[in-house]
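Worksheet: one structure, shown below.
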Amino acid sequence: MPVKHPAMRLRITVLITLLCALAITAQAKDYIITDFGVSTDSTIIQSEAIQAVIDRAEAEGGGRIVIPKGTFLTGALFFKPGTSLHIEEGATIKAIDDIAYYPLIPSRMEGRSIYYHAAVINAYYVDNFSITGKGIVNGNAAKFWDEFWALRAERRKIGKSCTNLEVRRPRLVFLWGCDNLTISGVQLRNSAFWTTHLYQCENVLIENVTLFAPTKPVKAPSSDAIDLDVCRNVVVRGCYIDCNDDAVCIKGGKGVYANVSAENGLVENVLVENCHFGPNCHGTVTLGSECVHARNITLRNCTVDTHTTILRLKMRPDTYQIYEKITISGVKGVTGSVIEMKPWKQFFDLEGSDLKPFGQVSDILIENVEAEVDYVGTIAGNPEDTVKNFVMRDMKLTTSNKDAGFVCKYPNVIVENVTLNGTLVKNPAR
């Protein structure tokens, strides 16, 4: 029998939650932006005025930047050490839909450290940073979405592709190197690009947050809800997630040499619990197209209302990948499939080397799933990928798809007490 995941993992995730809660420190002062010259006129661009309040708070020893009721139009904002952000109920930070207001700065995109446009909300090495309140950060991104799809349509006419970076557009939130981080209560909506991107952050709590990007009337391209990029000790709890791409995406680097580059690395100790995933999602938990090593990733007690997959393992044949100790447990609802492990060859590039990267997948447990599905799933990576200690058990699945089935090319994958419309599912490779 495969090795079960140790109970210690549960204790660790509970401890992470407590540490994150204790890390929320009282700020020295509230800086209500309208008390410092920021106008309540929602048509005026307020980037400089709001930034001046942030800079003043830092200079005076730190404080909480408070966005009161109303709509405030802004480009990129940069939070400084000792500051945090609180958005009151009825308050909206509305992003300007002009890329000129988002400067090119050192950043991180698609598994590479590059210069890229700032997000709407930015914090670099701001420990104990928080975004709280019941207000909204609105990406106001319809213009960017239209530009993206127009370029893609033009390229398709001449048989070429369009990459994500070719239409310059800002993320909604980008936080780099922020330890003891909290995002709580807010609504993060309509991002032009990824919604929340965390890079090299530790001890993170994302709680009771709504993350949304539409598919109608225009799809919000690549609007990943939560991208965890070289992060440790993360709890995502009680959130509603419905963005037009991956919901919780585990990143960390891509490419032939990504596993030995200091800018890349491990994502570990991630707990996603008591969340609801909506119909726009492309994957519930995705170990992504840019991931070199993921360990101790748990999704539990969640509801799905999607036609995507619950666990997606993207296997890049140009990147050494390790996916280990992944648990999916207690999921109910409607989903496309339970598991999808397939080759991912988008922008395949061996960078001129003669190396042959492969993936290692181990200690995977998917259990206690009760869902309506389109099909059970697929477990079939690249030829050199390895799989061990992979268990699917105790699932009650139903389907109206007469062609629903299960594809698995690894005979050592164990399937126990999994039924589809009352009939036991077997591993076809055994």
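All of the numbers you see were taken from the coordinates with simple rules; none came from a lab. Note that this is a predicted model, so its numbers are computed, not measured. Glycine also receives a Cβ, built like all others from the backbone with ideal geometry; neighbour counts cover every protein chain displayed.
The figures follow:
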read-out: Long-range tail of P(r) for segment 113-245 (Cα pairs > 21 Å, %); value: 41
read-out: Summed side-chain charge close to THR132 - residues other than THR132 whose Cβ falls under 15 Å, Lys, Arg +1, Asp, Glu -1; value: -1
read-out: Backbone N under 14 Å from the LYS134 label point (7 Å along Cα→Cβ), restricted to segment 74-91; value: 87-91
read-out: Equivalent ellipsoid dimensions for segment 285-324 as semi-axes, Å, which come from the Cα gyration tensor, largest first; value: 22, 13, 5
read-out: Proxy reagent accessibility, fewest Cβ within 10 Å first, across THR306, THR163, THR132; value: THR163, THR132, THR306
read-out: ASN401 paired with LYS216, simple spin-label distance in nm, labels 7 Å along Cα-to-beta-carbon; value: 2.2
read-out: Angle in degrees between helix 47-59 and the longest Cα principal axis of the chain, rounded to the nearest 10; value: 90
read-out: Beta bridges by DSSP in the chain, antiparallel share as percent, to the nearest 5; value: 5
read-out: Helix-only CD estimate at 222 nm, as mean residue ellipticity for the chain, using -39500 (n - 2.57) per DSSP H run (n ≥ 4); value: -3500 deg cm²/dmol
read-out: Formal net charge of residues neighbouring TRP194 (Cβ-Cβ distance under 11 Å; K, R +1; D, E -1); value: -2
read-out: Ranked list, fewest to most other Cβ atoms within 10 Å of each Cβ, for ARG56, ARG108, ARG316; value: ARG56, ARG108, ARG316
read-out: Dipole of segment 8-424 [Lys/Arg +1, Asp/Glu -1 at C-beta], most positive-end residue of ILE33, TYR125, ILE206; value: ILE206
read-out: Residues of type aspartates and glutamates that LYS345 reaches as a straight line, Cα spacing below 16 Å, ignoring anything fewer than 8 places off in the same chain; value: GLU110, GLU290, ASP318, GLU384, ASP385
read-out: Quarter of the Cα convex hull surface for segment 316-369, i.e. its orientation-mean projected area (nm²); value: 4.7
read-out: Between segment 247-311 and segment 27-54, the Cα center-to-center distance that results, in Å; value: 36
read-out: Rg over Rh [alpha-carbon atoms, Kirkwood Rh] for segment 108-151; value: 1.05
read-out: Two-decimal log10 I(q)/I(0) for segment 289-430, as the Debye equation yields it once each C-alpha is a single scatterer, q = 0.19 Å⁻¹; value: -1.11
read-out: Compactness relative to 2.2 N^0.38 Å, alpha carbon Rg of the chain; value: 0.99
read-out: Per-pair calculated FRET efficiency, R0 = 35 Å: PHE36 and TYR240 via Cβ, rounded to 0.05; value: 0.60
read-out: Cα-based helix-to-principal-axis angle, 8-22 vs the chain, degrees rounded to 10; value: 10
read-out: Per-residue Cβ neighbour rank within 10 angstrom, fewest leading, THR43, THR195; value: THR43, THR195
read-out: Tilt relative to the chain, helix 142-157 - C-alpha long axis, 0 to 90 degrees, to 10; value: 50
